[in-house]
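The block underneath contains the structure these notes are about, expressed in structure tokens.
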Amino acid sequence: MPKPTDPSQHNYMFSDDMKFLQKVIIFHPTQEKFLILKRAMDSYSRPGDWDFAGGNVLFGELHNESIVREVKEETGLNVTHLEPIQVVSRYNEKAAIYYLIINYRVRAAVDTITLSHEHTEYRWVTYDEFSRTTPS
């Protein structure tokens, strides 16, 4: 599929009622911890919740370009060699949107994070710490 030529076009991949999302579990470079980000309180979706880096695939964008872009925007990290680990689909009745989600994992080269306006806080956590931080 050719990429859009108008850079101001930011339509979601597929349609406005079907979104293609990607998330990535970013592992610390030297510790057995991974990165979680706290969503800003003005976030449209799940304000104040802890989340992984990632987001929407834009119309005409390749999925691997999208996840690299989202991680860079949200954390300041440059990532390569992303490993897909899970594909999930779900329907959100309240929003009337069908989601196709691909989850990845990667090990960060550095642990310095630069947050975007989309998040207010970050933590490197173990699985046990993550389980206590997020609702089940």
Point to revise | Candidates Ile101, Ile113 - the one that is touching a strand residue (DSSP E or B) at 6+ places or on another chain (Cβ under 8 Å), under 13 Å from Lys23 (Cβ atoms) and not aromatic (Phe, Trp, Tyr) | key: Ile101
Check your understanding: Of all residues in the range 59-80, how many are crowded, with 19+ Cβ neighbours inside 10 Å and touching a helix residue (DSSP H, G or I) at 6+ places or on another chain (Cβ under 9 Å)?
Key -> 3
Study note, to complete from the structure: Of the residues in the range 59-108, those that are within 26 Å of Thr30 (Cβ to Cβ), in a loop (DSSP other than H, G, I, E, B) and either of a type outside the set (Val, Ile, Thr) or without any contact (Cβ under 8 Å) to a residue 12 or more places away in the chain (or both) come to Gly76, Leu77, Asn78, His81, Leu82, Ala108
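Computed from the coordinates by the stated procedures, all read-outs in this text should not be read as laboratory data. Please read all numbers here as calculations on a predicted model, not as lab measurements. Every residue, glycine as well, gets a Cβ built from its backbone with ideal geometry; the counts of neighbours run over all protein chains shown.
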